[in-house]
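Taking it in order: structure first as C-alpha cells, then the write-up.
A short reminder: the numbers here are calculations on the coordinates, not readings from a lab. As the structure is a prediction and not an experimental result, all values here were calculated from the model.
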Amino acid sequence: MVGCALNHKVCDVWVSYNTYLSRIMEDRLAVRKGNPGARARAAEALGDDIGAAELGRRVAENLRQRRKARGMSLDDLAQSSGVSRAALSQIETQKSNPTLGILWKIAVGLGVPFADLIGEAKGGVSILRRGDAQILRSLDGKLESRPLAPAGASPVVELYELRLAARSTHVSEAHAPGTHELVVVLTGSLRLRVEGEVYDLVAGDSISFPADVGHAYENPGGSEARYHNVIVYER
C-alpha cells in the first residue's frame, strides 16, 4: 500500500527536501518578477517542505530510539534491513530524507510497523485532523498516501487513503512476514499484481492479500483513482 500505515506504496512515497526547495526558489523568483499566483504556490511549497522536514525529524528520532531499544548497532540494522550503514547514519542525523521504500526496509529490519517510524507516540484518546495528516508522495509524484488514523492508534492495524495517478504503477517490495493488506477501491479502478497473479477491480470492489510477498498497484484508467488501504500486522 500505500500503506501509509503506509506501505511501500505509501508509501516510495516521499518527495525529497531538495525537490521542494528548488520549487520554492523558482516561485520566489517568480514572485519578484510579479508573476500572478506565484506567491500562493511559494507558500504552498514552503508548507510542504516544512512538513517534510518535520517528518524527517520524527523518523530520525524514532529510528534511533527503536534501534537502541533493540540493542542493535547501525551495522546490525544494515544487515537486517538491507540498507547501508552510511544511509542509516544519514537518516538518523537528519542529513538525508529516505524514500518510502527505504523506510519500509528499515521497518522490516527493526520488526516494527511502518507507522512507528513516521509517527509520534501517543496515549489515551488521540485525534487526527484531516489538515494535520502528513501526506507522503512517491518520488515520481504519481502516488500519494495519507494516514487516516492517528499514529500509534493500533500496534496491529494501519489505515491509509491512496491516490494513484492515471495510467501509473507503484511496485512494493515484500513487507514483514505475516503482513496482510486490504484494499477498497473508492473511485476509478485497480489492477493488483501479487506473485505473478493479476486481479482487476473497480469502484466498490475490495481485495485482501498477503503483503509479505512482492506486489504492485496499477491504475489502468484515464483519471486518478482513490483507494483505502488497511495494513494488518501479525502479532
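Phi angles across the range 225-235 convert, under the Karplus curve 6.51 cos²θ - 1.76 cosθ + 1.60 with θ = phi - 60°, into 3J(HN,Hα) values of 10, 10, 9, 9, 10, 10, 10, 10, 9, 6, 10 Hz, Gly and Pro given as x. In terms of overall dimensions, the range 176-235 has a Cα radius of gyration and Dmax of 11.6, 39 angstrom.
Remark on the range 85-208: ratio of C-alpha radius of gyration to 2.2 N^0.38 Å is 1.14.
Annotation for the range 187-235 versus the range 54-123: alpha-carbon center distance of 26 Å.
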